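Notes follow the structure.
The values are calculated or read from the model by the stated rules, or taken from the named source; none is laboratory data. What you are looking at is a predicted structure, and each value in this text was computed from that prediction instead of being measured. With ideal geometry, Cβ positions are generated from the backbone for all residues, glycine too; neighbour counts draw on all protein chains shown.
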Amino acid sequence: MINRNIIASVIGNILFFVCFLELIPALVDYIAGSPEYRVFVSAAFLTGTLGGLLYFSFRGYENHLPSRKMIYLITTVAWVVMPLAASLPIYMAIPEASFADAVFEAVSGLTTTGSTVFTGLDQMPMGILLWRAILQWIGGVGIIVLGIWILPVLQVGGMALFQTESSDQSEKIYPRTIELVRSILVIYSFITVVCILVYFIMGMGMFDAISHALTTVSTGGFSTHDLSIKYFNNPGLEWAVILFMFAGAVPFVAYMRCLKGSLKPLATDAQIRALVLFLLITSVIIIFPLWQHPDLDFLTSFRGAAFSVMSIVTTTGFITIDYTNFGAEAGTIFLILTVVGGCTGSTAGGIKIFRFAVLWQALQSVFHKMVYPHSVYTSRYNGRILSNDIVVSVLIFFCVFIFFMTFLAIALGFAGLYPLEALSAAATAIANVGPGMGEAIGPSGNFATIPTSAKWLMSFGMIVGRLEFLTVLVLFIPRYWYDL
C-alpha cells in the first residue's frame, strides 16, 4: 500500500525548500530597486504556506525508510513537484509567458537541460536571471545525489556497477548518506566559488560571474545574455568555461576520494580517461570543417571546436559559435554528440560514457566468442568484473533510450516540428543538452516558437531523460501498483 504520509511529507519539504530559495532573488531584486521582488515574495508566501501545512502535518514521515518500489515513486514525485513550484515566479514575473512556458523553463533549469523559451535576457530583471541560475545549480546537486546514491540502489541502466563499487565497507568513502550529501555540497560549492572568482578575474561582472558559475558547474547552460558566452567575446574566458564545464562532468566520487590526499583517482578513473580521450579526438575532427570557413583562423577554429564539443558532450549547452553553419558534416557530428553525455555521478546528462565502455566490452566478448567459441572471456570495467546482469541492463538502457527518443521525435513531429527539429529536440530533451538543430531551435535560436503541445512533450522528455527512463516508466506498468 502507498504510504501517502511519506509522499505528502516529501512534497511539503520540497515546497518549503522552494519557498526559501525564492527569497534569494527577491532580496537581489529589492536591493537592485526592481519591483519584481514582490513576485518572488508572493510566490514564496504561496509555496511556503502550502509547504508549511504539509511539512508540519506530516513531519517525521520522510525519515521512515521506504521500500525500493516507493523510492521510484518518491523520486518521480520530487522531480515533478519541484519544477511546478519553481515555475510560479517565472509565470508571475513575465507577462508574455504562458504556464507551459514557465513550466518548460523551470523543468529545463532543474534538469540542467538549458533549453529556453525566452528572448531578451539582457533586459530581464536580475531576480529572474538569478532564479534560473539557482534552479540549475540546485538541480545539479540533485543529479549528483541521484547518480551516486539513488540510481545505483535502484539498479537502473547498469548503475548497479557503482553500487557494487561502494558496497564494501573497507572501500566505502562515507558510510552514511548524510555525510555523502554533505561532502557533495562542500565540493560542489567550492568548485562554484572558484569558478565565480575566475570568471570575475577574466572580465565578467560579478552578477554575470555568479550566474554563469552556477550554470557552468551544474552543466546547465542558462545565460544572462541571448548570445550566451559569445556575448563576452573573450578567448581567455572561453578557455576558463571549458575547464569548469569539464569539472562539472567529472564524477564527484573521484573528487571525494581526492579529499583523502591523493589526486590519483582523477587520473585512474576509467570514465574520466575515456571522457578526455573522446573529447580530444572529437575536437580534432571538428576543427577541420570550422577551419575551412574564411572568417576563422586555426586558433579560433581550435578554440571554437574545443568549446562546442565540451559544451555539447558535457550537456552544458553554452554557445560561442553556431556550429550548424559550418557544413552538414559538423551538424551531423554534433547531433550525434548530443546523446553521448559525461560521467555518471556528475551533473552531466546523456547516455553516459561508462555505458559506451560497457557496450564495447560486450562487443569484445561477442567477437572473442566468435573466434574462440570454447574459451572463457571475462569483461572488466575499471578493474571490476562485469556481471551479465549489468551488461544486460546497459543494453536495455540503450534500447529504451533509442525507443523513447524515436517516440518523442514522432510526437513532436505530430505537434508541428519539422523532421530535423523534431529529432534534435527529442535528443536534446532526453539527453538534457539545451540547443537543438535547425533555424528555429538551433544554437542561435530558442524554443519560444514551438507549439505549446511540443513544450509539454519536451518537459516530460527532460524529466524522463534526467531520471534515466526506467525510474519513471516503471510507474506506467500496472504490476508496479500491485501490493505497493
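Criterion first (free of Cβ contacts under 8 Å to residues at least 24 places away in the same chain, surrounded by fewer than 17 Cβ atoms within 10 Å (Cβ to Cβ) and not aliphatic (A, V, I, L, M)) does G236 satisfy it?
Against the criterion (free of Cβ contacts under 8 Å to residues at least 24 places away in the same chain, surrounded by fewer than 17 Cβ atoms within 10 Å (Cβ to Cβ) and not aliphatic (A, V, I, L, M)), G236 does not qualify.
Go through (1) touching a helix residue (DSSP H, G or I) at 6+ places or on another chain (Cβ under 8 Å); (2) modelled with pLDDT of 95 or more and name the single condition F414 misses.
The one condition F414 does not meet is (1).
Here are F302, F252, F222: which of them is of a type in the set (F, W, Y) and surrounded by fewer than 21 Cβ atoms within 10 Å (Cβ to Cβ)?
F302
Would you point out which residue out of L154, L185, L197 is closer than 17 Å to P251 by Cα and either modelled with pLDDT under 75 or not hydroxyl-bearing (S, T, Y) (or both)?
L185
Select from region 309-356 the residues that are assigned to a helix (DSSP H, G or I), modelled with pLDDT under 90, surrounded by fewer than 24 Cβ atoms within 10 Å (Cβ to Cβ) and of a type outside the set (S, T, N, Q) and list them in ascending order.
Residues satisfying the conditions are A328, E329, A330, G331.
Counting just the residues of region 434-451 that are polar (S, T, N, Q) and touching a residue at least 60 places away in the same chain (Cβ under 8 Å), which one comes out nearest to S115 (Cα to Cα)?
Going through the qualifying residues, I end up with N446.
Quick one: which residue in W79, W137, W149 is buried (at least 19 other Cβ atoms within 10 Å of the Cβ), aromatic (F, W, Y) and modelled with pLDDT under 95?
When all the criteria are applied, what remains is W79.
Listed here are the residues, each with its yes/no results for (1) assigned to a helix (DSSP H, G or I); (2) modelled with pLDDT under 90; (3) of a type outside the set (V, I, T); (4) surrounded by fewer than 22 Cβ atoms within 10 Å (Cβ to Cβ).
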| residue | (1), (2), (3), (4) |
| --- | --- |
| M1 | no, yes, yes, yes |
| N5 | yes, yes, yes, yes |
| F17 | yes, no, yes, yes |
| L23 | yes, no, yes, yes |
| Y30 | yes, no, yes, yes |
| V41 | yes, no, no, yes |
| L50 | yes, no, yes, yes |
| L54 | yes, yes, yes, yes |
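Tell me which residues, restricted to region 357-397, are in contact with a strand residue (DSSP E or B) (Cβ under 8 Å, 6 or more places away or on another chain) and surrounded by 13 or more Cβ atoms within 10 Å (Cβ to Cβ).
Within region 357-397, A357, V358, Q361, S379, L386 qualify.
Checking F244 against (1) within 19 Å of the chain's Cα centre (by Cα); (2) in contact (Cβ under 8 Å) with a residue 60 or more places away in the chain, which single condition isn't satisfied?
The failed condition is (2).
Could you please find all residues in region 425-457 being surrounded by 24 or more Cβ atoms within 10 Å (Cβ to Cβ), closer than 20 Å to S223 by Cβ and among the small types (G, A, S)?
Within region 425-457, A425, A429, A431, G434, G436 meet the criteria.
Search region 279-305 for residues that are in a loop (DSSP other than H, G, I, E, B) and pair each with any residue that is surrounded by fewer than 17 Cβ atoms within 10 Å (Cβ to Cβ) and of a type in the set (S, T, N, Q) when their beta-carbon atoms are under 9 Å apart and the residues are at least 6 apart or on different chains.
What qualifies is H293/N325.
Would a scan of region 278-297 turn up a residue that is in contact with a Gly (Cβ under 6 Å, 6 or more places away or on another chain) and buried (at least 24 other Cβ atoms within 10 Å of the Cβ)?
Scanning region 278-297, I find no residue that is in contact with a Gly (Cβ under 6 Å, 6 or more places away or on another chain) and buried (at least 24 other Cβ atoms within 10 Å of the Cβ), so the answer is no.
Which is free of Cβ contacts under 8 Å to residues at least 60 places away in the same chain and crowded, with 22+ Cβ neighbours inside 10 Å, of G12, G109?
The unique qualifying residue is G12.
Out of (1) closer than 19 Å to V10 by Cα; (2) part of a loop (DSSP other than H, G, I, E, B), what's the single condition that is false for S115?
(1)
Considering each residue of region 179-219, count those that are without any contact (Cβ under 8 Å) to a residue 24 or more places away in the chain, surrounded by 19 or more Cβ atoms within 10 Å (Cβ to Cβ) and either more than 15 Å from A240 (Cα to Cα) or among the small types (G, A, S) (or both), and give that number.
Of the residues in region 179-219, 1 are without any contact (Cβ under 8 Å) to a residue 24 or more places away in the chain, surrounded by 19 or more Cβ atoms within 10 Å (Cβ to Cβ) and either more than 15 Å from A240 (Cα to Cα) or among the small types (G, A, S) (or both).
Restricting attention to region 231-244, does a residue exist that is of a type in the set (V, I, T), closer than 20 Å to P435 by Cα and outside any helix (DSSP H, G or I)?
There is no residue in region 231-244 that is of a type in the set (V, I, T), closer than 20 Å to P435 by Cα and outside any helix (DSSP H, G or I).
Hey, any hits in region 382-393 for a residue that's over 26 Å from F162 (Cα atoms), outside any helix (DSSP H, G or I) and not acidic (D, E)?
Checked against the condition, which is being over 26 Å from F162 (Cα atoms), outside any helix (DSSP H, G or I) and not acidic (D, E), region 382-393 yields no hits at all.
May I ask you to say which residue of E329, E238 is acidic (D, E) and closer than 25 Å to L197 by Cα? Write out each step before concluding.
Working: E329 fails: closer than 25 Å to L197 by Cα.
Among E329, E238, only E238 is acidic (D, E) and closer than 25 Å to L197 by Cα.
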